[in-house]
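The values are calculated or read from the model by the stated rules, or taken from the named source; none is laboratory data. Keep in mind that this is a model prediction, so the values were computed, not measured. Glycine also receives a Cβ, built like all others from the backbone with ideal geometry; neighbour counts cover every protein chain displayed. To get the accessible areas, we keep the full protein, side chains included, count just its heavy atoms, and leave off ligands, DNA and RNA. Shrake-Rupley method; radii C 1.70, N 1.55, O 1.52, S 1.80 Å.
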Amino acid sequence: MTEVSPIIDVRNLSMKFDRVKGFRRSVIGQVVAVDDVSFTVNEGETLALVGESGSGKTTTGRCLVRAIEPSAGNVFYRQGDSSVDVLALERRELNEVRRKMRMVFQDPFASLNPRMTVEQLIAEPLYINNVVSDRTEARAKVAELLEMVQLDPQLMSRYPHTFSGGQRQRIAIARTLSLEPQVVIADEPVSALDVSIQAQILNLLKELQRERQLTYLFISHDLAVVRYQSDRIAIMYLGRIVEISTRDEIFERPLHPYTQLLLASSPIPDPRMKRIRPETIGEVPDPANRPSGCAFNTRCPYATDICRSEVPQLKESGTAGEAHLVACHLWEAVELSQRPLEALDGS
Ligand code: SF4
């Protein structure tokens, strides 16, 4: 059995944004986008952060590389035998870590400067980080990176708009991997692409992970994509992680009512089966007006008084010998009442 160890260790991460009003932009309150989130990412694995829009998954990913400055917490990044807290680093050290932790964004068209050629786009981080010293060296490296993402190096003088969405995402991946990172934070990397192209990009990401021993934090709202791509899954709701476990545990034994709702909304591969949809009500609340206690209590069919008064902590459920953490006061009762799948013919 391969030994796994965390390369990223996120502890009590929080991100609050000011709510402003009027011409003077007076601060009238705060929105908690990420609320006391802790998780680890093991070296070489893919951890998926999953949730609906507004769950805080993208904000969490951005906080890890300080694309936005978190309000509180620690993000430990392990390098060899030592680790550094990314949130405590000065600018120069932070830039070093950012070479090793890189992001791939959802919309490859928006993330690639349309005025730059593919050569310029991919060579830019190489020049900035002194990886190459002249154009000959840069072109050779760009050609190598384009081949790595299965694009023809002869196309490097073209501009991004002359490529398809899938090709643009390949260019963005080549740019991301140009500095040979260890960790890639992929924020909805296929959701802007046609379904037919999504599988190609997902396969490419998997292939590159194997070849380069990459670690992925894979941010997505799409459970079908996550099922294909991830080793472990963390489910987020209104800024908190509500459940985290291996992919198989999450799909076969979801313990949190919100995870069950997400799974019920996601197609399953067997056409003879359907999921029993929990009777959740209403929409995701406004993050500026978080419900007290468990934030899911306004939609949860199992909610009782304790759910409205006490925030449930993420705790080990002790199931199946796998680390399976859930933040629900009543998960044992909820699990007993669940039959996540039933045959359409009633058998
Ligand atoms: Fe539902 Fe209560 Fe569990 Fe929250 S703590 S998910 S409201 S049962």
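See the values below:
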| quantity | calculated |
| --- | --- |
| From the options Ser55, Ser5, residue that is more than 16 Å from the chain's Cα centre (by Cα) and closer than 29 Å to Tyr228 by Cβ | Ser5 |
| Single unsatisfied condition, Arg24 versus (1) at pLDDT 95 or above; (2) out of contact with any strand residue (DSSP E or B) (no Cβ under 9 Å at 6 or more places or on another chain) | (1) |
| Yes/no for Val31 being of a type in the set (A, V, I, L, M, F, W, C), open to solvent by 30 Å² or more (accessible area, probe 1.4 Å), farther than 30 Å from Glu207 by Cα and in contact (Cβ under 8 Å) with a residue 60 or more places away in the chain | yes |
| Identity of the residue in region 125-148, over 21 Å from Glu96 (Cβ atoms) and of a type in the set (Lys, Arg), that ends up most open to solvent (accessible area, probe 1.4 Å) | Arg135 |
| Hits in region 264-295 - residues which are at pLDDT 80 or above and either within 13 Å of the ligand (Cβ to nearest atom) or loosely packed, with under 13 Cβ neighbours inside 10 Å (or both) | Pro285, Asp286, Ala288, Asn289, Arg290, Pro291, Ser292, Gly293, Cys294, Ala295 |
| Selection from region 77-101 of residues that are touching a strand residue (DSSP E or B) at 6+ places or on another chain (Cβ under 6 Å), under 25 Å from Ile173 (Cα atoms) and open to solvent by 50 Å² or more (accessible area, probe 1.4 Å) | Arg78 |
| Test for Leu255: is it in contact with a Gly (Cβ under 6 Å, 6 or more places away or on another chain) and assigned to a loop (DSSP other than H, G, I, E, B) | no |
| Qualifying position, being surrounded by 13 or more Cβ atoms within 10 Å (Cβ to Cβ) and without any contact (Cβ under 8 Å) to a residue 40 or more places away in the chain, among Phe39, Phe17, Phe23 | Phe17 |
| Residue pairs meeting the criteria (Cβ under 7 Å; at least 6 apart or on separate chains; first more than 17 Å from Asp35 (Cβ to Cβ), in region 293-308; second open to solvent by 60 Å² or more (accessible area, probe 1.4 Å) and of a type in the set (D, E, K, R)) | Pro301/Glu279 |
| Identity of the residue in region 315-329, assigned to a loop (DSSP other than H, G, I, E, B) and at pLDDT 95 or above, that ends up farthest from the ligand (Cβ to nearest atom) | Ala327 |
| Condition check for Glu207: on the phi > 0 side of the Ramachandran plot and either at pLDDT 95 or above or under 16 Å from the mean Cα position of the chain (by Cα) (or both) | no |
| Identity of the residue in region 225-263, open to solvent by 20 Å² or more (accessible area, probe 1.4 Å) and closer than 24 Å to Val32 by Cβ, that ends up farthest from the ligand (Cβ to nearest atom) | Leu262 |
